[in-house]
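First comes the structure, then the notes that go with it.
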Amino acid sequence: MKISLYFICLCFCFSCANDPVEEKKVTSPTQVNVLEKDTAGLVIAFYFNDSLKEGFTYYKDIDEKVSRKNLSYQNELQSKTQALENFVAKKGAEANQGLLSQNEIAKIQEKAQRMEAELVQYQQREGARLEAEVMRELTAINNKVKSFGRKFSEANGIDLLLGYADGGQINYVNPSMDVTRSFIEFLNNEQKAIEADL
């Protein structure tokens, strides 16, 4: 009996070993074009992002314009808030002294609610408008820096131009690669040329 069981198991193993195994086809991913370059001649340079805010005249002009508009917005918002607070305080004092009728108090409450609603609407409308303008201006500045950065790099044989900022992804850059001053001069000259053409 043991021999029969052994024989059956042995036949089963041989039959399984002879089953054709389906081969899985391995497909390669899409071919990627890789630029091979001798890095011995690679030229890398960087500029300090923060310096653009101080040295690029166009950036400073836009920043001053936006700052003036923001200050104007803040002053107007403060003025409207103060007017509402003064109205509520004055009418509240009159109500506490018994100088107002119930009908007058109801009208004052309605006016205070309207003033508050107008304040909120102003804050939302003008705040959103100012934010959108800031985003447009920043996009315009970034596009100029990108476009001028390409021209600057091509003119100076730079293969890779990096914008360096504290807390950014770059931990260290050799100071000999710093082209900040030259890049800012180039930006200002290019901007002057554009403005002269207008």
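Some notes on this structure:
- Cβ separations smaller than 6 Å between residues 6+ apart or across chains give the following pairs from segment 42-65 residues that are more than 22 Å from Gln169 (Cα to Cα) to residues that are of a type in the set (Lys, Arg): Tyr59/Lys53.
- Residue pairs whose Cβ atoms lie under 6 Å apart, sitting 6 or more positions apart in sequence or on different chains, and linking a residue in segment 182-198 that is of a type in the set (D, E, K, R) to a partner that is part of a helix (DSSP H, G or I), are Glu190/Phe148.
- Checked against the criterion of being on the phi < 0 side of the Ramachandran plot and exposed (fewer than 12 other Cβ atoms within 10 Å of the Cβ), the candidates Glu110, Glu116, Glu94 yield just one match: Glu110.
- So Ile141, is it assigned to a loop (DSSP other than H, G, I, E, B), within 27 Å of Lys192 (Cα to Cα) and touching a residue at least 40 places away in the same chain (Cβ under 8 Å): no
Conditions tested, residue by residue: (1) closer than 30 Å to Leu161 by Cα; (2) surrounded by 15 or more Cβ atoms within 10 Å (Cβ to Cβ).
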| position | (1), (2) |
| --- | --- |
| Tyr58 | yes, yes |
| Gln74 | no, no |
| Gln102 | no, no |
| Ala132 | yes, no |
| Arg150 | yes, no |
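- Qualifying residue in segment 51-64 (condition: part of a helix (DSSP H, G or I), more than 21 Å from the chain's Cα centre (by Cα) and not hydroxyl-bearing (Ser, Thr, Tyr)): yes
- Any chance Leu138 is in contact with a Gly (Cβ under 7 Å, 6 or more places away or on another chain) and of a type outside the set (Val, Ile, Thr): no
Values in this text are rule-based calculations from the coordinates and carry no lab data. Quick caveat: nothing in here was measured; it's all calculated off a predicted structure. Cβ sites come from the backbone with ideal geometry, for glycine too, and all protein chains shown count toward neighbours.
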